[in-house]
Amino acid sequence: MGRDLTMDFPIARATFVLADVLLEMSLSDLAWDGPEAELNDTVNTQPAILVHSVAALRAFWERHPAFIPAYVAGHSMGELTTLVAAGVLPYEDALALTRTRGILMKRAGEQNPGGMAALLGLDIPTVDRVCAEASTADEIVQVANDNCPGQVVVSGAGNALRRMIPLAQAAGAKKVIPLMVSIAAHSPLMAHAQADFNKAVEALPLQDPKIPIIGNVTARPLTRVRDLEDDLKAQLTSRVRWTESIQYMLDQGIDTFVEIGPGSVLINLVKRIGRETQRYTLGKPEDFYKLTA
């Protein structure tokens, strides 16, 4: 995650070095060399993704300082990266918030463990229905990520998830894939983290976005600090409306999307939502040189 980028772009290396200092750990070594199990701990994964993304963002803006996107959007914790991209929060504060988010989510998962599963081939109304049928007052499963048509991730209590699987299969799911996690992200099981996360958000020197941020919870532009705070706080227990977010931008005439950070997961989701779009990734040095060409 980001090693090659830091070798070609000094500003990317400086971004990783600063993270090591601020977190008082060698996040860069962990991101580049593992061990994978430690990197996959959400306490480390979330900051590593943010650092790589901001490093790529800074390298991009150093090469193209006049470029201003019409919108920015982030999937789940990626929304914290948009705080930096839109001038809402300095990188240092965004990194601290991301670390706090990871710690609180891990703690909530330990206090109230659950699970997640990916469903392929079902639409949102059907998934909502089977989740409602599988849920009880004390054991809830719900949509966590509406990623793209036909790809939905659900999250919640273990027993509710187990009841949901045969219901989803009976409803026509092409595949149900239990995810190897114990944290039920974007579900009521994250409520244990809510109060402390709210305090962390409220303590930040947030500024109004210079670029509209498409919120995970609302799937609409956020242009004021108050609305952004509400979206960030609600995100812990609410679904990520990624399909609606991309569709909103398509409806506004956006036809080009750039994914900044590790991998190409989001660009692939965009392709499923709007096939006529132009799509680019910016996470490795070769991505920058291809874009320039």
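Residue count for the range 61-75 under the criterion of being more than 19 Å from ASP255 (Cβ to Cβ) and modelled with pLDDT under 95: the result is 5.
Would you mind telling me which numbered condition in (1) surrounded by fewer than 21 Cβ atoms within 10 Å (Cβ to Cβ); (2) modelled with pLDDT of 95 or more VAL181 fails? Tallying (1) surrounded by fewer than 21 Cβ atoms within 10 Å (Cβ to Cβ); (2) modelled with pLDDT of 95 or more, VAL181 fails exactly one: (2).
On inspection, ALA191 does not qualify as surrounded by fewer than 16 Cβ atoms within 10 Å (Cβ to Cβ), without any contact (Cβ under 8 Å) to a residue 12 or more places away in the chain and out of contact with any Asp or Glu (no Cβ under 8 Å at 6 or more places or on another chain).
Please count how many residues of the range 271-286 are in a helix (DSSP H, G or I), free of Cβ contacts under 8 Å to residues at least 60 places away in the same chain and touching a helix residue (DSSP H, G or I) at 6+ places or on another chain (Cβ under 9 Å). Total meeting the criteria: 1.
Every residue, every condition in (1) of a type in the set (A, V, I, L, M); (2) out of contact with any Asp or Glu (no Cβ under 7 Å at 6 or more places or on another chain); (3) outside the structural domain of PHE16 (by TED's automatic domain parsing), yes or no:
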residue	(1), (2), (3)
PRO65	no, yes, no
HIS75	no, yes, no
VAL84	yes, yes, no
LEU89	yes, yes, no
LEU97	yes, yes, no
ASP123	no, yes, yes
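Using the structure shown, decide if ILE177 is assigned to a strand (DSSP E or B), touching a residue at least 24 places away in the same chain (Cβ under 8 Å) and outside the structural domain of LEU269 (by TED's automatic domain parsing). For ILE177, the condition - assigned to a strand (DSSP E or B), touching a residue at least 24 places away in the same chain (Cβ under 8 Å) and outside the structural domain of LEU269 (by TED's automatic domain parsing) - is met. If you go through the range 214-232 and keep only what is within 21 Å of ASP251 (Cα to Cα), under 16 Å from the mean Cα position of the chain (by Cα) and among the hydrophobic types (A, V, I, L, M, F, W, C), you end up with ILE214, VAL217, ALA219. Restricted to the range 249-264, and to residues there that are over 15 Å from ILE214 (Cα atoms) and free of Cβ contacts under 8 Å to residues at least 60 places away in the same chain, the residue that is surrounded by the most Cβ atoms within 10 Å (Cβ to Cβ) is SER264. Within the range 109-150, the set of residues being touching a residue at least 40 places away in the same chain (Cβ under 8 Å) and either hydroxyl-bearing (Ser, Thr, Tyr) or in a loop (DSSP other than H, G, I, E, B) (or both) comprises ASN112, PRO113, GLY114, GLY121, LEU122, THR126, ILE140, PRO149, GLY150.
Within the range 201-213, can one find any residue that is under 20 Å from the mean Cα position of the chain (by Cα) and buried (at least 24 other Cβ atoms within 10 Å of the Cβ)? Scanning the range 201-213 turns up at least one residue that is under 20 Å from the mean Cα position of the chain (by Cα) and buried (at least 24 other Cβ atoms within 10 Å of the Cβ).
Among the residues of the range 220-248, just one is farther than 22 Å from MET116 by Cα, of a type in the set (A, V, I, L, M) and surrounded by fewer than 23 Cβ atoms within 10 Å (Cβ to Cβ), namely VAL225.
Scan the range 21-32 and tell me whether some residue there is without any contact (Cβ under 8 Å) to a residue 24 or more places away in the chain and either more than 26 Å from PHE288 (Cβ to Cβ) or in contact with a Gly (Cβ under 8 Å, 6 or more places away or on another chain) (or both). Checked the range 21-32: at least one residue is without any contact (Cβ under 8 Å) to a residue 24 or more places away in the chain and either more than 26 Å from PHE288 (Cβ to Cβ) or in contact with a Gly (Cβ under 8 Å, 6 or more places away or on another chain) (or both). In the range 1-28, of all residues being more than 19 Å from GLY283 (Cβ to Cβ) and among the acidic types (Asp, Glu), the one that is nearest to the chain's Cα centre (by Cα) corresponds to ASP20.
Screening ALA37 with (1) more than 25 Å from PRO205 (Cα to Cα); (2) touching a residue at least 40 places away in the same chain (Cβ under 8 Å) gives one miss only, at (2).
Taking the range 231-259 as the range and being part of a loop (DSSP other than H, G, I, E, B) and closer than 30 Å to GLY156 by Cβ as the test, the residues that pass are LEU236, THR237, SER238, ARG239, ARG241.
The values are calculated or read from the model by the stated rules, or taken from the named source; none is laboratory data. All values reported here derive from a predicted model rather than from experimental measurement. Every residue, glycine among them, receives a Cβ derived from its backbone with ideal geometry; neighbour counts consider all protein chains shown.
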